[in-house]
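This report refers to the structure that appears directly beneath it.
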Amino acid sequence: MARSLFLASFAPSLRHRFVISAMICGILGVHGAMVKAEGGKGEAAKAVPKATTAIKVDQVGYPVDGPKVALISFAAGGPVAGGSPAQAFELRQTSNDAVVWKGKASASVSDGDTGDQVQAADFSSFHKAGSYYVAVPGVGRSWNFTLGKNVFERAYYLAMRGFYGQRCGTAVDMGPEFPGYSHPACHLHGEFHATSGKSGPRENLGGWHDAGDYGRYMVNSGISTGTLLWAWEIYGKRLKSINLKIPESGNGTPDILNEARWNLEWMLKMQDSDGGVWHKQTSEHFDAFEQPQDDHLPNEVIGTGTAPFKSTCATADLASVGAIAARVYKPYDARFAALALEAARRAFAWTEKNPNVIFRNPRGISTGEYGDSNCSDERLWAAAELYRTTGEQAYSDYFLANYSPFLSTLDSPPAEGWSQVAPLGLWTYALSHGKTDKVAVDAIKQRTIAAAQGVVARTRTAGYINSMKTSDYVWGSNGVAAGYGMYLLIANQYAPNRDFVDTARDNLHYILGRNTFSLSWVTQLGENPFMHPHHRPSGSSHLPAPWPGLMSGGPNRGRNDAVLAKLPRDTPPAKVYADELASYASNEICINWQAAFVFLLAGELR
Ligand SMILES: [Zn+2]
């Protein structure tokens, strides 16, 4: 039920959206408080080398030919006995502890958002593939990591399989690699809620569980599925042959498209015969912390409660994603591509008749709202994707008549999120191969490139070498970090620039362990991953570790749950985090953050 909130640097009206969302997410707290204590669950399964959290590395690794920096952090007084900063560091081979490289630690810098003093240990000029750790005399050693050519391929594999693990309406089994990580088919009985304008059964099997809860939400499905399909469009050559070991593997369609289709098919089922799309399919309230097959609350198709019952943002999101699907599935399944395009056209037409039907949770419904008071950005995205797919004048006319007020969203990276999709509309127009308006394309590219350059400059001076501003440590801040990476990689499409790619990777390093906690924020990835996600299948099981490949929401200075509220008042913003199941506001998983993380990983594949 987490919410991606890439809004901190936005206009006040968008900040207001943040406040609304945070309040909605707060509803989950009732359920978080009911959860049993987890009592060290999973500790037994964790490899525990003698590492110190004072040394931070990307626990997956570093491309052997790229920049390679570990960080050494300390509070006032210094990391070494006697209070002085570290001087020398060594790179050692994991297999035999042999020193393969020696370097000098940088002068320390003060990192404002953590309060840490941070030194860099740069071994970029070491170029031999293998498994290593960093050792600092008087401080200790780091977790092991890999230097290699294609070092993030397994991370991509796990993160994409994270989506498979969220599948609803079917039995899921992560296979022999993760024995016991399975469940029988869930949520098999759906029906229309009275707010949908219809009644009776409507099963709509399929889709992904959104987050730590079992709801399925059109708006968040839109940006998540769209982001995965974009990853395919931009990095398809690298992704094409990666087998995700899902039921469809080997069917002739690349697996990232097989997995995205699982959710897309559910999204298509949420469209009414008039072209409009219902907002979500969930129970009336969150279920207990239980396995998916044990949730027997009726799974309701929920609408706005009054005519026309469907909502504009949800409908426009289906139009956007359906239009992308029409492009990407065409070589593999022309019939499905045509069906998706037809759905997209009908959806867009519905939004023309119903340009701003806002969804708010009707009385008696307390699952996630994904409320958004303005659907004009969703409509812009839909028109742009439909134009890119069809080349038809009407979609171009709509885009050109409406895009300019949204250009300013590009000035505040990472810019896009579930409630602000204008950047996706702008970017896709500028990526279109059809006839486009030069003034519009130049403005989109120039503003994106300029903002990306600003992000690079800021990142270089940050103690933790990430792109985060203080205001970015919001609910889902790891999604913000991934969003910066995605922004930089899009900029790199317009103006290839090594700095954009390296800085995108710096945000990946942050997520994978180069952070104040020396924690990998992806389950079962790296030697020191977080262990207690707010995630029902993990939290209600007796498995030794959480379900694999899932990214935590991350530090949240908004302290929107009881666990965070109890942290000392002077806790720095980037440290307002708890690896606890009950901390839904800092430790939930969510498909939209996960999709941005996948995009970032896809950009790293070779
Ligand atoms: Zn389910």
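The values are calculated or read from the model by the stated rules, or taken from the named source; none is laboratory data. Since we're looking at a predicted model, the values are computed, not measured. FYI the Cβ positions are ideal-geometry reconstructions off the backbone, even for glycines, and counts take in every protein chain you see. Ligands, DNA and RNA are stripped out before the accessible areas are found, and what is left, the full protein with its side chains, is counted by its heavy atoms. Shrake-Rupley method; radii C 1.70, N 1.55, O 1.52, S 1.80 Å.
By the helix-only formula, in which each DSSP H run with n ≥ 4 contributes -39500 (n - 2.57) and the sum is divided by residues, the chain has a 222 nm mean residue ellipticity of -12000 deg cm²/dmol. By a 1.4 Å probe calculation restricted to protein chains, D437 has an accessible surface near 60 Å², given to the nearest 10. Residue by residue, segment 448-458 carries 3J(HN,Hα) couplings of 5, 5, 4, 5, 5, 4, x, 5, 4, 4, 5 Hz when phi is fed to the Karplus relation 6.51 cos²θ - 1.76 cosθ + 1.60 (θ = phi - 60°); x denotes Gly or Pro.
Eigen-decomposition of the gyration tensor built on the alpha-carbon atoms of segment 384-499 gives equivalent ellipsoid semi-axes of 28, 15, 11 angstrom, largest listed first. Straight-line reach from K50: taking Cα to Cα under 12 Å and skipping same-chain neighbours fewer than 8 places apart, the aspartates and glutamates in range are E527. Under the combined filter of DSSP loop state and at most 10 neighbouring Cβ atoms within 10 Å, segment 58-156 retains these trypsin sites (Lys or Arg not before Pro): K149. Let me check against my output: what whole-number percent is the relative contact order of segment 340-485, with C-alpha pairs under 8 Å and at least 6 apart? Averaging sequence separation for qualifying contacts and normalising by length gives 19 percent for segment 340-485. Remark on F192: its backbone amide H falls under 5 Å from those of G200, R202, V301, a criterion applied only to residues 5 or more positions apart or on other chains, H modelled at 1.01 Å from N. Here the accessible area is traced with a 1.4 Å probe on the protein chains. For the chain, carbon and sulfur cover 54 percent of it.
Straight-line cross-link reach from K435 at under 13 Å between alpha-carbon atoms covers these aspartates and glutamates, not counting any fewer than eight positions away in the same chain: E392, D397. On full extension, the segment bounded by D122 and S84 gains 11.8 nm, given 0.36 nm per residue less the C-alpha separation.
Backbone amide hydrogens, once placed in the peptide plane, bring T170 within less than 5 Å of C186, excluding anything fewer than 5 places away on its chain.
Between R335 and N243, the FRET efficiency estimated from the beta carbon spacing at R0 = 30 angstrom works out to 0.75. 3J(HN,Hα) couplings calculated from phi for segment 213-223 with the Karplus curve 6.51 cos²θ - 1.76 cosθ + 1.60 (θ = phi - 60°) are, in sequence order, 9, 9, x, 10, 10, 4, 5, 6, 4, x, 5 Hz; Gly and Pro show x.
The aspartates and glutamates within cross-link reach of K280, meaning a Cα-to-Cα straight distance under 19 Å and a gap of 8 or more places when in the same chain, are E191, E203, D210, D213, E265, D272, D295, E300, D317, E369, D372, E378. Contact order for the chain, expressed relative to its length and based on alpha carbon pairs under 8 Å spaced 6+ residues apart, stands at 19 percent.
When the GluC sites (Glu not before Pro) in segment 138-221 are filtered for DSSP coil states and for at most 12 other beta-carbon atoms within 10 Å of their beta-carbon, the remaining sites are E177.
Reported value for the chain: 137 Å³ per residue, from the convex hull of its C-alpha atoms.
Entry note, segment 446-604: relative contact order of 26 percent, from Cα contacts under 8 Å with a spacing of 6+ residues.
Can you give the accessible area per residue of the chain, in Å², using a 1.4 Å probe? Result: 33 Å² of accessible area for each residue. With R₀ fixed at 41 Å, the C-beta to C-beta distance from D570 to K104 puts the FRET efficiency at about 0.80.
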